[in-house]
Amino acid sequence: MAKLDLDDDIFGQVTPLIYVLSDARGETANTVVMAAAAQFGETSVDIERLSNVKDVDTVRTYFDENFDPDRPCAVFHTFANGTLRREIRRELDRRGIPSIDLLGPAVTVISSLTGEEPTHEIGAVYDKPLVTE
């Protein structure tokens, strides 16, 4: 796999870590991260998943116990509840951890297209039949 011309002191020999956070199983976020990671070498990143997150305190505790400031990392997340999503984003920003909201922007666009309010139902994708045309 071709390497970008970056200062090796930034990454060294440490494998970057992608955290996948979700208020449900984390399958959606994990699938997106796996698809993105597949564009790189097999050992380019490690992935850790934190599922069933119900409050920002769970995230605080998790990162207090597991965060390594010497290891490059990012968070990819899917939270149905907008308030929880914002609280977690603020916590990650406070810690200087970059994060990607995989669900919020898509829900916003669909809401604007349909004129409907989202249900904010956790794990909704597992309760509905797949629609394909």
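Values in this text are rule-based calculations from the coordinates and carry no lab data. Because the structure is a prediction, the values reported are computed rather than measured. Cβ placement follows ideal geometry from the backbone for every residue including glycine, while neighbour counts extend to all protein chains displayed.
Compared with the alpha-carbon gap, the fully stretched path from E116 to D57 is longer by 18.2 nm at 0.36 nm per residue.
Counting Lys and Arg as +1 and Asp and Glu as -1 over every other residue whose Cβ lies under 15 Å from the Cβ of N81, the net charge comes to -3. Taking 0.36 nm per residue of separation and subtracting the Cα-Cα distance, full extension of the segment from E65 to R95 would add 9.5 nm. With contacts taken as Cα pairs under 8 Å at a separation of at least 6 residues, segment 55-116 carries a relative contact order of 37 percent. Per-residue packing, averaged as other Cβ atoms within 10 Å, sorts the ranges 112-118, 16-22, 33-39 into the order 16-22, 33-39, 112-118, beginning with the highest. Put simply, the convex hull of the Cα atoms in segment 23-133 casts, on average, a shadow of 8.5 nm².
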